[in-house]
Amino acid sequence: MLRLVRLLNLVVIAALVLAAAWVYEIKYSATRQTERVAKMRVEIRHERDAIAALKAEWAQLDNPDRIQALARRHLTLRQIDASQFDGLDGLPDKVVPIVPPGTADPIGVLIESTADAEVMTGSTSNASPDREDKQ
C-alpha cells in the first residue's frame with residue numbers, strides 16, 4: 001500500500017511538473033505574440049506617418065500656384081488670342097460611312113465595294129492550259 005501511495009505521489013508530482021511546463025510554454029508564447037503585435041503596431045504607425053508625409057508632399061507638388069509659376073519660368077507660352085480659333089465653317093465635312101449602319105456583314109460589304117469584279121482574291125481566275133492537263 002505504501003508503495004502504491006509513493007507511486008501515486010510520483011505520478012502526481014510528474015503531472016504537476018508537466019502542467020507547470022505547459023503553462024510556462026503558453027505564457028511564453030503569449031508574451032512573444034504580444035511583443036510581435038506591439039512591433040507591428042509600431043511599424044504600422046511609422047508607415048502611416050510616411051504616407052501622411054507623402055500626401056503632404058504630393059499636395060505641395062500638386063499645388064496649382066506652384067505649377068503655374070513653373071510653367072511661367074520654364075515654358076515660353078503666350079496668351080491665347082481669339083484669332084487663333086477658327087469658325088465652324090472651317091471644319092471638314094462629315095465623312096459618309098461606306099458601310100450602312102445595321103449591315104449584317106460589314107466586312108463583306110467593304111470587300112464587295114472595293115474588289116475588282118474579275119479578280120476577288122489574289123489567285124488567278126482561269127487555270128493555265130498545262131495545269132489542267134496535270135490534274
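Tabulated values for the structure
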read-out: Test: residue in the range 55-65 that is without any contact (Cβ under 8 Å) to a residue 60 or more places away in the chain, out of contact with any Lys or Arg (no Cβ under 6 Å at 6 or more places or on another chain), closer than 30 Å to L77 by Cα and outside any helix (DSSP H, G or I); value: yes
read-out: Residues of the range 69-108 that turn out to be β-branched (V, I, T) and modelled with pLDDT under 80, as a count; value: 4
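The values are calculated or read from the model by the stated rules, or taken from the named source; none is laboratory data. Remember, it's a predicted structure, so these values are computed and weren't measured experimentally. Glycine gets a Cβ as well: all are built from the backbone with ideal geometry, and neighbour counts include every protein chain shown.
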